[in-house]
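Q: Sending over a structure as structure tokens; questions will come in a sec.
The values are calculated or read from the model by the stated rules, or taken from the named source; none is laboratory data. It should be emphasised that the depicted structure is a prediction, and the values quoted were computed from it without experimental measurement. Positions of Cβ are backbone-derived with ideal geometry, glycine not excepted, and every protein chain shown enters the neighbour counts.
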Amino acid sequence: MKNPVGIYYAYWEKEWNADFIPYIGKVKSLGFDDLEINAGAIVDMTPAERKRLAEAARDAGITLSYCIGLPGEYDLSSESAAVRKNGIEFVGKILDGMNEMGGKTLGGIIYATWPMVGSPTYEEKMQMRTRSIESLKEILKKAEQYDINYCLEIVNRFEQCILNTAAEGVDYCKELGSPNVKLLLDTFHMNIEEDSIGDAICSAKGYLGHFHIGEPNRKTPGTGRMPWGEIFGALKEIEYDGMIVMEPFIRVGGQVGKDIKVFRDLSDNATPEKMDEMAAAAASFVKRG
Ligand SMILES: [Mn+2]
């Protein structure tokens, strides 16, 4: 693949808040073009800290992409108008920070909350969807102003109910009609929900703004049974020219392990050196794909 290839920093981390700067040099040396970071973390940084991070990336020739599953207090689909307002303000701060840093791609559960609260009925889901769209109409004005691609991550039913398939995502984007609202498809989630991963990717032509990859058990790409030929073929067919970011989660521990539900070691007890080696092998696998 000729696309820029990235990796989510939490491959190496057990907590969501981290110092991202050391990862810039690391991912560069492992063959990546992009580092994906926790978008929420930049809100708590000072302008000087944001500048230092953005400059470190620029100097290394690494782009930064930004991702978040919004915490419950910022649920953009909430029944509570106060919670939705809180969410709109928080995402506004993320967009402000990204704009300061020259960021162009925000992805994740940025239309509701992650993980979803309880187990809604179908009727409740449709009400959540309506409220989510109302919140996004407000937020997208700012994304348009900054020309940031606002990429809605389509996830499996156990994590959110509003958008589980590419088809639902395209309908949602059409309803909003903003040039900056895009989709983030992720092979891990598509493997659960889509009839055909290749057809799902093709159906998102014109809407696909970001792409996450991983094996069905979230190991590094190229090590499992994901149909990579079909996936890379479909991305080429729709002439997708955005980033391909891997999101492996293979180690237990910390809040990351708990939230991602890593209940066993999938790294085969990897040393730090082996972790780096596996990431580099996956980057090379995608570039050859
Ligand atoms: Mn993802």
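Q: Mind listing whichever residues of the range 243-255 are touching an Asp or Glu at 6+ places or on another chain (Cβ under 6 Å) and farther than 17 Å from D186 by Cα? Give the steps one after another, and end with the answer.
A: Within the range 243-255, the subset touching an Asp or Glu at 6+ places or on another chain (Cβ under 6 Å) is 243, 245, 252, 254-255.
Residues satisfying the conditions are V252, G254, Q255.
Q: Please identify the pairs in which a residue from the range 251-277 that is closer than 12 Å to R218 by Cβ has its Cβ atom under 6 Å from the Cβ atom of a residue that is of a type in the set (F, W, Y) and surrounded by 13 or more Cβ atoms within 10 Å (Cβ to Cβ), counting only partners at least 6 apart or on another chain.
A: I260/F249; V262/F249
Q: Continuing with the same structure: Among the candidates T165, T220, T187, single out the residue that is within 16 Å of the ligand (Cβ to nearest atom), at pLDDT 95 or above, of a type in the set (S, T, Y) and more than 20 Å from G242 (Cβ to Cβ).
A: Details: T165 fails: more than 20 Å from G242 (Cβ to Cβ); T187 fails: more than 20 Å from G242 (Cβ to Cβ).
From the options T165, T220, T187, the qualifying one is T220.
Yes/no per residue for (1) in contact (Cβ under 8 Å) with a residue 60 or more places away in the chain; (2) under 20 Å from M243 (Cβ atoms); (3) exposed (fewer than 15 other Cβ atoms within 10 Å of the Cβ); (4) in contact with a Pro (Cβ under 7 Å, 6 or more places away or on another chain):
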{"site": "F32", "(1), (2), (3), (4)": "yes, yes, no, no"}
{"site": "L35", "(1), (2), (3), (4)": "no, yes, no, no"}
{"site": "K85", "(1), (2), (3), (4)": "no, no, no, no"}
{"site": "I88", "(1), (2), (3), (4)": "no, no, no, no"}
{"site": "G92", "(1), (2), (3), (4)": "no, no, no, no"}
{"site": "L95", "(1), (2), (3), (4)": "no, yes, no, no"}
{"site": "M98", "(1), (2), (3), (4)": "no, yes, no, no"}
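Q: Restricting the first residue to the range 100-126 and requiring it to be in contact (Cβ under 8 Å) with a residue 40 or more places away in the chain, which pairs with a second residue that is among the basic types (K, R) meet a Cβ separation below 7 Å and a spacing of at least six or different chains?
A: That search, which allows pairs on different chains as well, returns E100/R50; M101/R50.
Q: Tell me the residue from S196, S132 that is more than 23 Å from P71 (Cβ to Cβ), more than 16 Å from the ligand (Cβ to nearest atom) and of a type outside the set (D, E, K, R), please.
A: So the residue among S196, S132 that is more than 23 Å from P71 (Cβ to Cβ), more than 16 Å from the ligand (Cβ to nearest atom) and of a type outside the set (D, E, K, R) is S196.
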